[in-house]
Amino acid sequence: MFKLKLFFLSIFLFFPLYNFSQVQPTSIALNQILQKKAIEFKNETNFNKAHLFFIKNNWDSTLVYSMKQLISSKNEELMDYCHFFRGYSFREKKLFKEAQSEMHLISNKFILYPLVNKNLGQISLELKEFEKAIYYFKEVEKLPFSNNHGYKISIIYENLGICYLHLNQFNKAEEYFFKSLELQEKEKDLISLIGLNMNIAGLYYQQYKDLQAITFFEKAYNLSKKVNHFESKKNASLNMAIVEENRGNFKEALAYRKESSKWNDSINNQNKVWAVADYEKKYAIAQKQKQISVLKVENKLKDTQRKTMFLSTLGLLLVLSGGVYAYAQKVKNTKIILSQKIKLDELNATKDQLFSIVSHDLRSSVNALKTSNSKLTTSLETKNYNELDNLLNQNSAIANSAYSLLDNLLHWALLQTKQLYFHKDSVHLFSIVQQIEFNYKSLLSDKNITFENSVSKNNFIWVDLDSLKIVLRNLLDNAIKFTPENGKICFYTVETNTNFCQLVIHDSGLGMSQNTIDELLQDNELLAKKKNSEIIGTGLGMQLCKQMIKKNGGSITIESELNKGTKMILSFPKTEQNG
């Protein structure tokens with residue numbers, strides 16, 4: 001029988017699983033240990049900040065302050081805790097090699113060393129080093145049950161089953177999977193059970209025991225109906241689609257695929273809602289602070305009015321004072337009205353520009369999608385699967401381009417209407433460039449582009465983290481777009497004797513003329529006007545980058561020649577410690 005590739009869940013898990021709103025990286029017992037250490041080392045500011053951010057799942061800040069602690073102190077016990085914080089944070093950010101390196105730096109005297117073995121097992125599993133993972137999980141399995149911190153033994157059994165499955169040791173995999181199943185059914189963690197049933201199904205499917213595999217796929221699908229976890233629903237329905245395709249039931253398979261697509265859309269919508277909610281929360285706080293300031297001014301004004309009423313009995317002086325006061329109020333109200341009119345005109349101009357951008361730049365994408373969808377319908381009718389695959393890839397590229405434009409439009413609109421919240425903090429530049437590289441690994445791999453991160457690990461800059469990521473993503477996206485296959489993109493810093501850190505983004509792409517550079521750096525218009533074929537796109541991303549760099553107290557310059565690549569040179573203020 002012709003078999004399609006099944007998507008079964010093969011990830012290591014730890015308690016609690018997939019609970020994004022209430023995830024705690026540590027157990028109560030581990031929290032108590034960390035709290036005691038925070039009190040013991042209360043004078044170590046960087047350690048205490050790293051500990052607090054670790055508890056709050058703020059991995060970027062945990063990495064920054066744990067690195068500061070490692071630089072500033074040589075206390076072996078504190079160094080073990082900091083390496084543990086960093087290894088755990090890197091693992092959560094899916095930077096597994098870095099996580100593994102940090103965990104190996106921890107001494108075996110560390111009080112939390114059992115957790116180190118657990119984490120090394122999870123990291124090895126992600127890196128597909130299955131024999132190493134088995135070694136580490138076996139070390140955890142030897143421990144008394146009361147010694148576990150932040151994990152369940154049922155998940156350790158499942159991880160061992162996954163390792164043996166990848167090594168094609170099916171009997172051992174089955175043994176550990178069913179040991180885990182017995183415990184998880186008692187624990188009644190439905191999301192964990194969904195993943196475990198899909199892993200057991202995958203075990204049987206690899207051995208061509210289709211009937212047994214299908215039974216567990218169906219169990220996973222039925223369990224997914226009882227939870228509100230979109231990822232589990234998507235994976236369970238996708239597996240059922242493939243099962244029905246293998247059976248030849250293409251109508252049922254199509255229904256399952258539509259259901260999987262629906263849950264995938266729900267995941268994307270949920271992520272967007274969380275991002276918008278975060279912005280709304282920050283904006284609401286700023287508005288509340290403004291309201292408090294206005295109330296203070298109003299209270300002062302009322303006090304002045306009461307005093308004026310009291311002095312009204314003084315006769316002519318009061319009349320004169322009242323006239324002056326009335327005139328001042330009139331002038332003030334006139335200024336307020338004029339200020340509001342100017343602000344309203346600016347907002348209307350911004351609205352008109354946004355409508356112009358959306359109508360002009362999205363029209364071509366929508367038209368391309370319409371044309372492509374017509375061809376897609378034809379290909380479906382004729383069962384031309386090669387053309388169907390090409391059209392789907394083309395639609396995905398068009399949709400990604402339109403999404404990137406809309407994302408830039410959102411940030412630009414928030415910036416123009418002063419709704420974008422900026423909070424500057426000390427940021428470890430090397431770590432941020434690592435994150436950006438990870439996000440774009442697939443695009444770099446598609447074009448076989450070499451990426452080099454030569455940023456100094458000692459550089460800390462004083463910027464708003466979210467806006468810095470937006471700037472670096474836009475500039476790296478442009479570099480990938482204009483760099484040919486087998487090209488190279490390099491991020492590096494240039495040491496200067498000033499209070500600014502200089503970051504260079506160098507690509508081996510098409511380059512640009514001086515006229516194009518001058519046009520991109522103009523600040524007098526929303527978008528760069530296209531008068532030649534060198535400038536591709538709306539220019540909105542570059543305008544957004546310039547404004548966000550300026551808001552962070554930095555600057556940007558461009559060095560480029562046609563067919564000789566481009567250097568984007570960014571300058572940001574250093575932190576005091578880095579100065």
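The values are calculated or read from the model by the stated rules, or taken from the named source; none is laboratory data. Note that this is a predicted model, so its numbers are computed, not measured. All Cβ positions, even for glycine, are placed from backbone atoms using ideal geometry, and neighbour counts span all protein chains on display.
The table below gives the values:
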| read-out | value |
| --- | --- |
| In region 425-448, the residues that are crowded, with 19+ Cβ neighbours inside 10 Å and assigned to a strand (DSSP E or B) | 427, 428 |
| Residue satisfying all of: in region 107-121; in contact (Cβ under 8 Å) with a residue 12 or more places away in the chain and over 28 Å from the mean Cα position of the chain (by Cα); surrounded by the fewest Cβ atoms within 10 Å (Cβ to Cβ) among these | 109 |
| Boolean, residue 201 is part of a helix (DSSP H, G or I), among the aliphatic types (A, V, I, L, M) and in contact (Cβ under 8 Å) with a residue 60 or more places away in the chain | yes |
| Answer residue from region 58-75, given it is at pLDDT below 90 and either out of contact with any helix residue (DSSP H, G or I) (no Cβ under 7 Å at 6 or more places or on another chain) or of a type in the set (Asp, Glu) (or both) and is surrounded by the fewest Cβ atoms within 10 Å (Cβ to Cβ) among those | 74 |
| Some residue of region 449-460 being surrounded by fewer than 18 Cβ atoms within 10 Å (Cβ to Cβ) and farther than 24 Å from residue 554 by Cα | yes |
| Top-ranked residue in region 188-219 [being within 21 Å of residue 230 (Cα to Cα) and among the basic types (Lys, Arg); ranked as surrounded by the most Cβ atoms within 10 Å (Cβ to Cβ)] | 219 |
| Verdict on residue 90 being buried (at least 23 other Cβ atoms within 10 Å of the Cβ), over 24 Å from residue 142 (Cα atoms), under 25 Å from the mean Cα position of the chain (by Cα) and not assigned by TED's automatic domain parsing to the domain that holds residue 429 | yes |
| Answer residue from region 20-47, given it is among the β-branched types (Val, Ile, Thr) and at pLDDT below 75 and is nearest to residue 112 (Cα to Cα) among those | 26 |
| Number of the condition not met by residue 151 [criteria: (1) within 16 Å of residue 30 (Cα to Cα); (2) modelled with pLDDT under 90; (3) assigned to a helix (DSSP H, G or I)] | (3) |
| Residue in region 220-264 that is surrounded by the fewest Cβ atoms within 10 Å (Cβ to Cβ), counting only those that are over 29 Å from the mean Cα position of the chain (by Cα) and among the β-branched types (Val, Ile, Thr) | 242 |
| Index of the failed condition, residue 52 passing every other in (1) farther than 22 Å from residue 432 by Cβ; (2) of a type in the set (A, V, I, L, M); (3) surrounded by fewer than 22 Cβ atoms within 10 Å (Cβ to Cβ) | (1) |
| Conditions (1) at pLDDT 90 or above; (2) over 16 Å from the mean Cα position of the chain (by Cα); (3) more than 19 Å from residue 575 (Cα to Cα); number of the one not met by residue 476 | (2) |
| Which listed residue, of 112, 70, 105, 120, is more than 24 Å from residue 41 (Cβ to Cβ) and not polar (S, T, N, Q) | 120 |
| Single residue of region 490-534 satisfying the filter (within 25 Å of residue 451 (Cβ to Cβ) and either of a type in the set (Val, Ile, Thr) or not assigned by TED's automatic domain parsing to the domain that holds residue 451 (or both)) that is modelled with the lowest pLDDT | 496 |
| Of the criteria (1) touching a residue at least 24 places away in the same chain (Cβ under 8 Å); (2) in the same structural domain as residue 164 (by TED's automatic domain parsing), which one residue 232 fails | (2) |
| Wholly enclosed helices (runs of 4 or more DSSP H) of region 64-135 bearing at least 3 residues under 14 Å from residue 51 (Cβ atoms) and aromatic (Phe, Trp, Tyr) | 76-92 |
| Lone qualifier among 102, 129 - being outside the structural domain of residue 458 (by TED's automatic domain parsing), surrounded by 18 or more Cβ atoms within 10 Å (Cβ to Cβ), free of Cβ contacts under 8 Å to residues at least 60 places away in the same chain and in contact with a His (Cβ under 6 Å, 6 or more places away or on another chain) | 102 |
